[in-house]
Amino acid sequence: MGDVLEQFFILTGLLVCLACLVKCMRFSRCILLNYWKVLPKSFLRSMGQWAVITGAGDGIGKAYSFELARHGLDVVLISRTLEKLEATATEIERTTGRSVKIIQADFTKDDIYEHIKEKLTGLEIGILVNNVGMLPNLLPSHFLNAPDEIQVSCSPG
């Protein structure tokens, strides 16, 4: 009876030691991943290599462009002001090392979509940030009651 009880306690002790070892390994793995940045492939990058940002010449669109480039995506900047696009593209390429394409387009015009489509052909686009300042009306209204024509807001870019 004493030998069986002794083996039971030895087996229980081994199981407790094994459980502690597993917990230590999980903790060490967590520490290593957080401090050495050994992380899996970026989720954003897994969606596609390129992000397209409209209204990217200034403000929120410009900030989105920088953040997406910092997270490993190449970016396509679309805006109406060529000088702002070129300056933003140069700054993104210099600070992040990512590829940047620019497309000058004024969304108040109806004939721009074929030009944009041609420029985007062949790119693996995973993210679209639609930041162009278009409003259905200058006065607040319900979307379903809005007129068919869309007016451009006063946002820069």
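The values are calculated or read from the model by the stated rules, or taken from the named source; none is laboratory data. Everything quoted here is computed from the prediction, not taken from an experiment. Because the Cβ atoms are built from the backbone with ideal geometry, glycine has one as well, and the counts that use them run over all protein chains shown. Side chains included, ligands, DNA and RNA excluded: accessible areas come from the protein's heavy atoms. Shrake-Rupley method; radii C 1.70, N 1.55, O 1.52, S 1.80 Å.
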Whole-Hz Karplus couplings 3J(HN,Hα) for the stretch 17-28, θ = phi - 60° and coefficients 6.51, -1.76, 1.60, Gly and Pro as x, run 5, 5, 4, 5, 4, 5, 5, 5, 5, 5, 5, 4
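Per residue, what accessible area does the stretch 85-136 have, given a 1.4 Å probe and all protein chains present, in Å²? Show your work: numbers first, answer last.
Numbers: 3380 Å² over 52 residues.
Result: 65 Å² of accessible area for each residue.
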Which order do the peptides 99-110, 3-14 take when ranked by the mean count of other beta-carbon atoms within 10 Å per residue, highest first?
99-110, 3-14
Using the Karplus equation 6.51 cos²θ - 1.76 cosθ + 1.60 (θ = phi - 60°), what ³J(HN,Hα) coupling, rounded to whole Hz, does each residue of the stretch 50-59 give in order, writing x for Gly and Pro?
10, 10, 10, 10, 8, x, 8, x, 7, x
Whole-Hz Karplus ³J(HN,Hα) for the stretch 74-87, in order, using 6.51 cos²θ - 1.76 cosθ + 1.60 and θ = phi - 60°, x for Gly and Pro?
7, 10, 10, 9, 10, 6, 8, 9, 4, 4, 5, 4, 5, 5
